[in-house]
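**Student:** The structure is given below, and queries will be raised subsequently.
The values are calculated or read from the model by the stated rules, or taken from the named source; none is laboratory data. Since the model is a prediction, treat every value here as computed from it, not as a measurement. Here the Cβ positions follow ideal geometry from the backbone for every residue, glycine too, while neighbour counts run over all protein chains shown.
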Amino acid sequence: MHETHPSRIEQLTFIDPPIHRSPDSLPVRSTTPDVLDMQRVEQHIVQAVERGRYRGPTDPLEYLLHKHCLVRVGDTPYVTLGGMMCFAREPQAVFPRAVIDIGHYRGLEPISTDVLDLRKDIGGTLFDQLGRVEEYLWEHTRHGMTLSDSGFQRIEVHEYPRAVIRELCVNMLAHRDYANFLSAARVQIFRDRIEWVSPGGLPPGVTVDNILAEQVSRNPVIQSILYEAGYVEAFGQGLDTVVAVLKREDLPPPRFYDTGASFIVTVFGRAMDAYLNGDDLGLNEPQRVILNFLRTHGEASPRELRALFPQRAERSVQRDLKGMVDDGLIETIGGPRWLPPPGYPTMYWSRPLPPSCSTMSSPPATPPPPTATASPCP
């Protein structure tokens, strides 16, 4: 083994350990481990080990120290920003703007007259926020069907790939600037696109031109926890995945915009009219008429739908409606105002429901007049 002579040690240049710590690894004043949900920590450790994504200590306190979710200052343990956002019972008690706001608009601009739905201050841990926002986007974007090349199998077609929705929600929260205590993360849904707005511009050295090559993690503690939880497949590959999935789905590439105060990712959706109109679903002409009627009028009763076909037998219309319900193209809501034949529903709507109709997704206590809703927002 090579040894350095003592007389030469003074001539060597030493590298000092880095003193800079990422913001999410810094202690939060006046916090103790008591603010953390230790049951959630234990569950996370078990699942991370099962996924093969963690091999360190499994005692909850040792894990938190190992992952820089807790740090000791002297003999006192403090919770870090990353620990608060991933495992605290009430993260917003300390970081009230570490939340997500959703704005859903019928048109192309965020103007008040076009508001379909506003959801403010979606909070909880990062896992809570991700689950709620991803589910909202999936439920309030459009989904249709087409036929396989063989013509025998129906294939689901989505306005936005779910993998893209998830990756960009994760990216927004994993890389936002949590030192910006005044701004919430935002998701804006328009008729033709979705925008993910993350507080804080891009880190030094990263631009919209080189972002795929020079990705830098602003919050490595949070990023590591998300990786263990299965939300991140590989470090620095989230946006690459988005680009690849959009290309595979023949959708436009994402657009990146850095305002300095925010980083915005825009994804344009698939044109869904052909899939939703039934042009490529093998529907018969009456079924296409029904689907278009529901989309135009929002809702309709069986009586109204039968009136569209005065020359057809009621049993034929019922068979068409049942086929569309079985295929998941339309659904039923509400209670009867007249006695229908067995199994014959009283309300129909096409999927998915727009936000203004979302409160009708389960039958209310008092049955409404028999109507049926048609889907999508323009």
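**Student:** Sort out which residues of the stretch 189-235 are touching a His at 6+ places or on another chain (Cβ under 9 Å) and more than 18 Å from Arg176 (Cβ to Cβ), and write them in order of number.
**Tutor:** Ile189, Phe190, Glu228 - these are the residues of the stretch 189-235 that are touching a His at 6+ places or on another chain (Cβ under 9 Å) and more than 18 Å from Arg176 (Cβ to Cβ).
**Student:** Would you confirm, using the coordinates I've provided, whether Ser183 is in a loop (DSSP other than H, G, I, E, B), more than 29 Å from Leu283 (Cα to Cα) and not basic (Lys, Arg)?
**Tutor:** Here the answer is yes, as Ser183 does meet what is asked.
**Student:** What's the total number of residues in the stretch 207-226 that are buried (at least 20 other Cβ atoms within 10 Å of the Cβ) and not in a loop (DSSP other than H, G, I, E, B)?
**Tutor:** Of the residues in that region, 6 qualify.
**Student:** Looking only at residues that are touching a helix residue (DSSP H, G or I) at 6+ places or on another chain (Cβ under 6 Å) and surrounded by 14 or more Cβ atoms within 10 Å (Cβ to Cβ) in the stretch 171-186, which one is nearest to Leu26 (Cα to Cα)?
**Tutor:** Ranking the candidates gives Tyr178 first.
**Student:** Now for a separate question. Looking only at residues in the stretch 271-291 that are modelled with pLDDT of 75 or more and not in a loop (DSSP other than H, G, I, E, B), which one is surrounded by the most Cβ atoms within 10 Å (Cβ to Cβ)?
**Tutor:** Of everything passing the filter in the stretch 271-291, Ile290 is surrounded by the most Cβ atoms within 10 Å (Cβ to Cβ).
**Student:** Oh, and also: Given the criterion touching a Leu at 6+ places or on another chain (Cβ under 8 Å), among the small types (Gly, Ala, Ser) and within 28 Å of Phe181 (Cα to Cα), identify the matching residue among Gly144, Gly83, Gly123, Gly131.
**Tutor:** Gly83
**Student:** Condition first: among the charged types (D, E, K, R), modelled with pLDDT of 90 or more, part of a strand (DSSP E or B) and not assigned by TED's automatic domain parsing to the domain that holds Leu81. Can you find one or more residues in the stretch 247-270 that meet it?
**Tutor:** yes
**Student:** Among the numbered criteria (1) modelled with pLDDT of 95 or more; (2) within 24 Å of Met272 (Cβ to Cβ); (3) of a type outside the set (Gly, Ala, Ser), which single criterion is violated by His140?
**Tutor:** For His140, the exception is condition (1).
**Student:** Going through the stretch 138-157 one residue at a time, which ones are part of a strand (DSSP E or B) and out of contact with any Pro (no Cβ under 7 Å at 6 or more places or on another chain)?
**Tutor:** Scanning the stretch 138-157 gives Gly144, Met145, Thr146, Leu147, Arg154, Ile155, Glu156, Val157.
**Student:** A further question follows. Might you let me know whether the stretch 312-326 holds any residue that is touching a Ser or Thr at 6+ places or on another chain (Cβ under 8 Å), under 29 Å from Arg191 (Cβ atoms) and at pLDDT below 85?
**Tutor:** Looking for residues that are touching a Ser or Thr at 6+ places or on another chain (Cβ under 8 Å), under 29 Å from Arg191 (Cβ atoms) and at pLDDT below 85, one finds at least one in the stretch 312-326, hence yes.
**Student:** If you go through the stretch 126-142, how many residues are over 13 Å from Val170 (Cβ atoms) and either touching an Asp or Glu at 6+ places or on another chain (Cβ under 6 Å) or buried (at least 21 other Cβ atoms within 10 Å of the Cβ) (or both)?
**Tutor:** 3
**Student:** Those residues that are touching a residue at least 40 places away in the same chain (Cβ under 8 Å) and within 18 Å of Arg21 (Cα to Cα), I need them from the stretch 51-79; list them, please.
**Tutor:** Lys67, His68, Cys69, Val71, Val73, Pro77, Tyr78, Val79
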